[in-house]
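Have a look at the structure below before the remarks.
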């Protein structure tokens, strides 16, 4: 009888872990992936390291950002945190 109670606690913990940790993270990753796919030239963005720039060119896995007059950086798409409003 004792193992049934332990199994119920473990199952409850696993379900709670999935609902509170895994599922929200999956939703967030999906939303960020869609955001990255929707980036276009002239969007103003901020990278995860805090660099502000304007999208100049979108490649397969990278983006060219203009960060200052005559200064362009090539960054990974995943390094884009959000659009600057």
_Can you give the log10 of the normalised intensity I(q)/I(0) at q = 0.14 Å⁻¹, computed with Debye over equal Cα scatterers of the range 40-85?_
-0.24
*Folded to 0 to 90 degrees: helix 2-17 orientation relative to the chain principal axis, Cα*: 20 degrees
*Kirkwood Rh over Cα pairs of the chain into Stokes-Einstein at 4 °C, 1.567 mPa s: D in µm²/s?*
85 µm²/s
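Read-outs: derived from the displayed coordinates by stated rules, not from any lab. Quantities reported herein were computed from a predicted structural model and do not represent experimental measurements.
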